[in-house]
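Everything below concerns the one structure shown next.
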Amino acid sequence: MEDRQWLAAEQGGEIRPVPQQRIMDKVDECMNRKDYAGVERVLKYWLQEAQVGRDLRGQLMIRNELVGHYRKTGERDKAHESAEDALRLLRELDYENSVSAGTTWVNIATAYNSFGENEEALTLFEKAKQVYERSAGTDPSLLGGMYNNMGLACAALKKYDEALALYGKAMETMEQVPRGAPEQAVTCLNMANAVEGKLGMEQAEGQINELLDQALKLLDRQDIPRNGYYAYVCEHCAPTFDYYGYFAAAEDLRTRAEALYERA
């Protein structure tokens, strides 16, 4: 694969790469405080620096982060703008057959799913699945996340058997990931929703309760870092526990999240 970023440098001058790890550390600091405005400021500042410095790789990383950020804040138009730019950068870098492309497609598809654009999301998930599964170097955490989020798109389209099969793969894959319990807990709750959709509440009640109990055990594991990401997962899971009548568990998860945000 030709590295078009460095070809562009030869044609148009020196590239000044942005410090990707430093950017992510700063984003994590903001997320630990639930400072979404701060996340956007950091990413937009460094996006401008990457553009001035002709750093296409840096731009792709930041655009991916912005897609995820705007998904969390519910800003559909901004998410679409960053998604379109990320897809353009994949083409310019000639990365469309790489794991980086799979990660970008999953990120965009997850955003599309959150905005109800599930047919479009599923198309991108299918592309990512092909890339991830044929690459021996795919990180299990990426693969597990893809299966889980692809399952959400299938469930939204009432393809419950496909969704449950994908969730099963997500659970198996995340067992290989150190400290992957929070992601497994989320998958358990997604499975509960899919079982309800397939069977109806009355017939699915026993399976749902088992899945909720399993999710709570996963979130209680002591090897999970109590950080901003854990707080986000607890906050994200709480409404599902409320929905199924686990009110005390939902309140406890919200309390955990608030304490971690206040401590950051």
*Could you tell me whether Asp55 is at pLDDT below 95 and charged (D, E, K, R)?*
no
*So which residues in segment 113-140 are more than 21 Å from Gln176 (Cβ to Cβ), hydroxyl-bearing (Ser, Thr, Tyr) and over 12 Å from the mean Cα position of the chain (by Cα)?*
Thr123
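Just to check your reading of the model, which residue among Gly245, Gly197, Gly145 is out of contact with any Lys or Arg (no Cβ under 8 Å at 6 or more places or on another chain) and within 20 Å of Asn118 (Cβ to Cβ)?
So the residue among Gly245, Gly197, Gly145 that is out of contact with any Lys or Arg (no Cβ under 8 Å at 6 or more places or on another chain) and within 20 Å of Asn118 (Cβ to Cβ) is Gly145.
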*If you take the residues in segment 53-88 that are part of a loop (DSSP other than H, G, I, E, B) and touching a helix residue (DSSP H, G or I) at 6+ places or on another chain (Cβ under 9 Å), which one is farthest from Asn113 (Cα to Cα)?*
Arg54
*Taking Ala259 as meeting all but one of (1) closer than 25 Å to Thr73 by Cα; (2) in contact with a Leu (Cβ under 9 Å, 6 or more places away or on another chain); (3) assigned to a helix (DSSP H, G or I); (4) not hydroxyl-bearing (Ser, Thr, Tyr), write down the number of the exception.*
(2)
*Out of Glu75, Glu65, report the one residue that is farther than 22 Å from Val131 by Cα and of a type in the set (Asp, Glu).*
Glu75
*asked:* Against the condition surrounded by 22 or more Cβ atoms within 10 Å (Cβ to Cβ) and out of contact with any Asp or Glu (no Cβ under 7 Å at 6 or more places or on another chain), how does Ala86 come out, does it pass?
replied: yes
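Within segment 109-121, can one find any residue that is among the β-branched types (Val, Ile, Thr), in contact with a Phe, Trp or Tyr (Cβ under 8 Å, 6 or more places away or on another chain), buried (at least 22 other Cβ atoms within 10 Å of the Cβ) and free of Cβ contacts under 8 Å to residues at least 60 places away in the same chain?
Taking segment 109-121 as the starting set, the residues that turn out to be among the β-branched types (Val, Ile, Thr) are 110.
Okay, now just the ones that are also in contact with a Phe, Trp or Tyr (Cβ under 8 Å, 6 or more places away or on another chain), so none.
Scanning segment 109-121, I find no residue that is among the β-branched types (Val, Ile, Thr), in contact with a Phe, Trp or Tyr (Cβ under 8 Å, 6 or more places away or on another chain), buried (at least 22 other Cβ atoms within 10 Å of the Cβ) and free of Cβ contacts under 8 Å to residues at least 60 places away in the same chain, so the answer is no.
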_Options Val186, Val233; residue that is touching a Pro at 6+ places or on another chain (Cβ under 6 Å) and either surrounded by 14 or more Cβ atoms within 10 Å (Cβ to Cβ) or within 30 Å of Arg33 (Cβ to Cβ) (or both)_ = Val233
*Does Arg221 satisfy the condition of being surrounded by fewer than 21 Cβ atoms within 10 Å (Cβ to Cβ), modelled with pLDDT under 95 and over 21 Å from the mean Cα position of the chain (by Cα)?*
no
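The values are calculated or read from the model by the stated rules, or taken from the named source; none is laboratory data. Keep in mind it's a predicted model, so treat the numbers as computed, not measured. Backbone-built Cβ (ideal geometry, glycine too); neighbour counts: all protein chains shown.
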